[in-house]
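Colleague: Okay, handing you the structure first.
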Amino acid sequence: MKIESTVNAVRNQVKEWRKSGLTVGFVPTMGYLHEGHASLIQAARENNDKVVVSIFVNPMQFGPTEDLASYPRDLEKDSALCASLGADLIFHPEPEEMYHEGFSSYVDMDVLTQELCGLSRPVHFRGVCTVVCKLFHIVAPDRAYFGQKDAQQLAVIRHMADDLNMDIEIVGCPIVREEDGLAKSSRNTYLSEDERRAALILSKSIFLGKELVEKGETSTEKIVDAMKERIASEPLARIDYVKAVDGRTMQQIQTVQKPMLVAIAVYIGSTRLIDNFIWE
């Protein structure tokens with residue numbers, strides 16, 4: 001497995017693979033990899049001849065008061081995991097390699113980015129779309145793999161790829177959870193022991209919402225209210241949002257429909273965590 005830090009090195013390697021008629025799967029990450037990322041790499045390994053994993057903490061998608069400086073990083077551990085899963089190449093650029101002096105071109109989106117995380121993190125998706133678009137141009141994969149835990153991001157990337165006629169298959173992979181239900185996240189490492197226990201309120205509320213839908217509840221207001229009440233029972237939890245939206249447009253809906261995304265963002269202490277379920 002190779003680790004490259006420059007755009008040219010990655011492009012040259014992919015060109016060599018292409019000359020041999022090989023397919024390329026791509027897993028974009030910000031590093032500090034866990035079992036959720038591993039599931040994406042495994043899916044890419046199963047369906048492509050070569051696998052590229054990017055590890056880049058993208059400064060453009062962090063707001064001025066967010067955790068860019070403290071975001072966890074461990075390239076040695078990440079590299080060992082990628083190698084064990086059969087990845088062929090890690091792209092690990094410095095910010096200066098991705099955003100040269102005078103950089104002033106961005107990819108932006110309306111509608112899908114105006115709700116959920118886009119509402120509480122107004123610069124986030126501009127940064128996500130810009131960096132993913134750049135990475136797609138650099139790696140030129142056949143398929144790219146994203147986790148369902150970031151459901152809005154997955155919808156945004158799919159929409160961007162369609163709008164901009166990108167010849168890339170966008171593959172969504174299921175949420176990977178701890179044994180006790182907590183969705184895997186690099187930010188889970190921020191949690192103290194008490195906060196880690198309190199964080200279970202996210203998955204408990206998600207499971208409650210899904211159970212209500214399965215039992216036939218059609219009012220999204222009742223589902224959301226029940227989930228909010230469950231979260232409010234945890235003293236360490238502070239709700240950012242709990243919403244039911246159309247799974248394609250990310251716009252709020254009043255009655256259960258398919259596809260429906262029910263998504264939450266909750267602060268446990270100072271750590272913001274997300275979770276969701278999809279009704280299809």
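Colleague: For the subset of segment 58-91 comprising residues that are of a type in the set (Ser, Thr, Tyr) and open to solvent by 60 Å² or more (accessible area, probe 1.4 Å), which member is nearest to VAL107 (Cα to Cα)?
Modeller: Checked segment 58-91; the qualifying residue nearest to VAL107 (Cα to Cα) is THR65.
Colleague: Still on this model: Of the numbered conditions (1) more than 13 Å from ASP88 (Cα to Cα); (2) out of contact with any Gly (no Cβ under 6 Å at 6 or more places or on another chain), GLY36 fails exactly one; give the number of that condition.
Modeller: (2)
Colleague: Sort out for me the helices (runs of 4 or more DSSP H) sitting completely within segment 56-128 that have 2 or more residues that are over 24 Å from GLN152 (Cα atoms).
Modeller: The qualifying helices (runs of 4 or more DSSP H) are 75-84, 95-98.
Colleague: Going by the conditions given, is GLY118 small (Gly, Ala, Ser) and in contact with a His (Cβ under 7 Å, 6 or more places away or on another chain)?
Modeller: Criteria met by GLY118.
Colleague: Which of the residues belonging to segment 124-162 are under 24 Å from ALA263 (Cβ atoms), open to solvent by 20 Å² or more (accessible area, probe 1.4 Å) and free of Cβ contacts under 8 Å to residues at least 24 places away in the same chain?
Modeller: Those that are under 24 Å from ALA263 (Cβ atoms), open to solvent by 20 Å² or more (accessible area, probe 1.4 Å) and free of Cβ contacts under 8 Å to residues at least 24 places away in the same chain: ARG158, ASP162.
Colleague: Answer yes or no: is there a residue in segment 172-181 that is in a loop (DSSP other than H, G, I, E, B), more than 23 Å from ILE253 (Cβ to Cβ), open to solvent by less than 10 Å² (accessible area, probe 1.4 Å) and out of contact with any strand residue (DSSP E or B) (no Cβ under 6 Å at 6 or more places or on another chain).
Modeller: Checked against the condition, which is being in a loop (DSSP other than H, G, I, E, B), more than 23 Å from ILE253 (Cβ to Cβ), open to solvent by less than 10 Å² (accessible area, probe 1.4 Å) and out of contact with any strand residue (DSSP E or B) (no Cβ under 6 Å at 6 or more places or on another chain), segment 172-181 yields at least one hit.
Colleague: Going by the structure shown, is VAL7 within 18 Å of VAL139 (Cβ to Cβ), in contact with a strand residue (DSSP E or B) (Cβ under 9 Å, 6 or more places away or on another chain) and modelled with pLDDT of 95 or more?
Modeller: Yes.
Colleague: Considering segment 200-240 alone, what residues qualify as being among the polar types (S, T, N, Q) and either within 26 Å of the chain's Cα centre (by Cα) or part of a helix (DSSP H, G or I) (or both)?
Modeller: Selection gives SER203, SER205, THR220.
The values are calculated or read from the model by the stated rules, or taken from the named source; none is laboratory data. Values in this document were obtained by computation on a predicted structure and should not be read as measured data. Here Cβ is always computed from backbone atoms with ideal geometry, including for glycine, and neighbour counts include all displayed protein chains. Accessible surface is based on the protein model in full, side chains and every heavy atom, while ligands, DNA and RNA are left aside. Shrake-Rupley method; radii C 1.70, N 1.55, O 1.52, S 1.80 Å.
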